[in-house]
Every structure is written in structure tokens, then in C-alpha cells.
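Readers should treat all values here as calculations from the given coordinates under stated rules, not as data from a laboratory. Not measured: the values here are computed from a predicted model. Here the Cβ positions follow ideal geometry from the backbone for every residue, glycine too, while neighbour counts run over all protein chains shown.
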Amino acid sequence: DSGVTQTPKHLITATGQRVTLRCSPRSGDLSVYWYQQSLDQGLQFLIQYYNGEERAKGNILERFSAQQFPDLHSELNLSSLELGDSALYFCASSVGSDSGNTIYFGEGSWLTVV
Amino acid sequence: DAKTTQPPSMDCAEGRAANLPCNHSTISGNEYVYWYRQIHSQGPQYIIHGLKNNETNEMASLIITEDRKSSTLILPHATLRDTAVYYCIVRVGGGGYSTLTFGKGTMLLVSP
């Protein structure tokens with residue numbers, strides 16, 4: 001158990017809909033990361049927040065957005081969903097944002113768009 | 001981030017040491033080498049990381065060559081539960097942010 005909690009574990013929704021994935025980082029961790037893993041793309045970095053502020057952006061679509069709240073939990077919002085958005089979405093956290101700070105991953109949220 | 005090269009797959013007999021190589025010939029002085037593994041769609045699991053010196057923890061040992069252009073992850077006594085995809089990642093630092101860029105990794109199959 002990494003200490004990173006993600007909800008829901010599984011989600012099935014229809015095309016065009018909007019969903020929110022939630023992440024609680026490990027106690028004391030200020031930095032949160034979101035990753036997407038699909039069958040054909042592997043693990044792709046989406047976005048990073050540190051203490052409520054966006055720090056880095058990866059391959060995140062404009063239909064996707066995220067935020068980190070004052071209590072440090074984070075949400076990833078996916079809108080106008082398409083079949084290709086079906087994937088595993090991982091949240092991860094670390095105490096800081098430097099390269100020596102280990103990043104720990106949650107167990108992921110399975111999103112199926114039908 | 002510096003790119004890494006790993007063999008796509010490796011086999012290991014249960015109880016033997018598994019030695020997973022990684023080449024990172026373009027690594028810079030402030031870049032860490034991280035190893036993660038992923039067991040069938042579970043969340044990536046942190047194994048170990050290092051900068052210049054060899055490192056050991058309860059899971060594995062990390063051997064980094066003196067020129068830092070390659071490294072080896074050693075699982076001393078592989079078990080069936082070590083079957084997973086192993087990722088070697090060179091992580092750049094600085095600028096107030098640092099993420100992990102995953103490649104394709106090495107699929108390690110541990111057999112009885």
C-alpha cells in the first residue's frame with residue numbers, strides 16, 4: 001500500500017459525458033501527479049501540482065483539467081469523453097517536487113467509455 | 001529527460017538473482033536513476049533510486065557504473081511475484097519540477 005488513495009476504482013460512462021477522478025496523496029506529500037495508461041500509449045504524464053499550484057504539464061488534452069485543493073487532495077476532470085479516453089488513470093504523490101523526492105503511485109482508476 | 005534503453009524481455013528462474021540492465025549514455029550529472037515496476041495494471045511500484053553511488057534496500061540493489069552511463073537492478077532471489085514490467089527512468093531535476101517519463105520497460109518473467 002503506497003498510501004495514495006484513488007476513487008473510484010472503476011467507472012463506466014457514455015461518450016460525451018463528464019467524470020471526476022479523485023486522489024488523496026500520502027500524508028505530508030505536497031506534490032500530486034496524474035498519469036494516463038492506455039493499451040497503445042503506455043504510461044503518459046498528464047499534469048503535476050505542488051501545494052495547490054500547477055507545476056508541469058504533459059500530454060493533457062484541453063478537455064481534461066485538474067486542480068489541487070487546500071487540503072492537498074486533487075481531482076482530474078475529464079469532459080466530452082470519447083471512446084479513446086478509456087484508460088487507467090493513476091495519481092501519484094511526493095513530498096516535494098525535486099528529482100530526489102520519490103514519487104509513489106496509487107492503484108488507479110479504470111475508466112471505460114462506451 | 002535522458003533516454004534509457006532496456007531489453008524488452010528477460011527470463012529468470014525462481015530463486016536465482018535477476019539482473020536487469022539499463023543504458024542511459026546521455027545522463028547528466030544531476031539526473032537520478034529510478035527503477036519502478038508494474039505488475040499487471042497495478043500502480044507502478046517504486047523499487048530504488050540512485051545518483052552516483054550503488055544503493056541497496058529491502059527489495060533490490062542498484063549498481064551504477066562509474067561513468068554513470070549504465071546501471072543494473074538486481075533482485076537477489078527472484079520469486080514468481082516478481083514477474084512484472086520493470087522501468088528504468090532517468091529523472092532530471094531543477095526548475096521547481098521533476099516528473100517521471102516512462103518508456104516501454106523490461107518484461108521480467110520468473111519461472112518455477
Could you give the alpha-carbon Rg of the stretch B:8-60 over 2.2 N^0.38 Å, rounded to two decimals? 1.31
Can you sort A:E107, B:E58 by how many other beta carbons sit within 10 Å, fewest first? B:E58, A:E107
If you place +1 on the Cβ of every Lys and Arg, -1 on the Cβ of every Asp and Glu, and leave all else neutral, what size is the dipole of the stretch A:11-65 about its Cα centre, to the nearest 20 Debye? 120
I need the phi-derived Karplus couplings for the stretch B:56-66: 6.51 cos²θ - 1.76 cosθ + 1.60, θ = phi - 60°, integer Hz, Gly and Pro marked x. 9, 9, 5, 9, 7, 10, 10, 10, 10, 5, 4
Hey, got the dipole for chain B? About the Cα centre, +1 on K and R Cβ, -1 on D and E Cβ, debye to the nearest 20? 180
Count charges around B:R81 for me, please; just the other residues with Cβ under 11 Å from its Cβ, Lys/Arg as +1, Asp/Glu as -1. -1
Give the aspartates and glutamates whose C-alpha is closer than 12 Å to that of B:K104, dropping any in the same chain fewer than 8 places away, or say none. A:D40
Nearby aspartates and glutamates by direct alpha-carbon distance to B:K69 (threshold 13 angstrom, same-chain neighbours under 8 apart not counted): B:E31
Compactness summary of the stretch A:15-66: radius of gyration and Dmax from Cα atoms, Å, are 12.2, 37
What list of ³J(HN,Hα) values in whole Hz, one per residue of the stretch A:51-66 in order, does the Karplus curve 6.51 cos²θ - 1.76 cosθ + 1.60 (θ = phi - 60°) give from phi, with Gly and Pro shown as x? 6, x, 10, 5, 10, 8, 10, x, 8, 9, 6, 5, 6, 9, 8, 9
Can you check what the net charge comes to around B:D67, using other residues whose Cβ is under 14 Å from the Cβ of B:D67 (Lys, Arg +1; Asp, Glu -1)? +1
Working out 0.36 nm times the residue gap between A:L83 and A:D71, then minus their Cα-Cα distance, what length gain in nm do you get to one decimal? 1.1 nm
Dmax and Rg, reported as Rg then Dmax, of the stretch A:64-114 (C-alpha, Å): 13.3, 40
Dmax and Rg, reported as Rg then Dmax, of the protein assembly as shown (C-alpha, Å): 17.6, 53
In debye, nearest 20, what is the charge dipole magnitude of the protein assembly as shown about its Cα centre with +1 on Lys and Arg Cβ and -1 on Asp and Glu Cβ, if you could check? 180
Treating chain B as a set of equal point scatterers at the Cα positions, no solvent, please give the Debye-formula log₁₀ I(q)/I(0) at q = 0.17, 0.21 Å⁻¹. -0.76, -1.14
Please report, to two decimal places, log10 I(q)/I(0) for chain A at q = 0.15, 0.18, 0.21 Å⁻¹ as given by the Debye formula with identical point scatterers on the Cα atoms and no solvent. -0.58, -0.83, -1.12
Read phi for every residue in the stretch B:8-22 and hand back ³J(HN,Hα) as whole Hz from Karplus 6.51 cos²θ - 1.76 cosθ + 1.60, θ = phi - 60°, with x for Gly and Pro. x, 8, 8, 10, 8, 7, 4, x, 8, 6, 9, 10, 9, x, 8
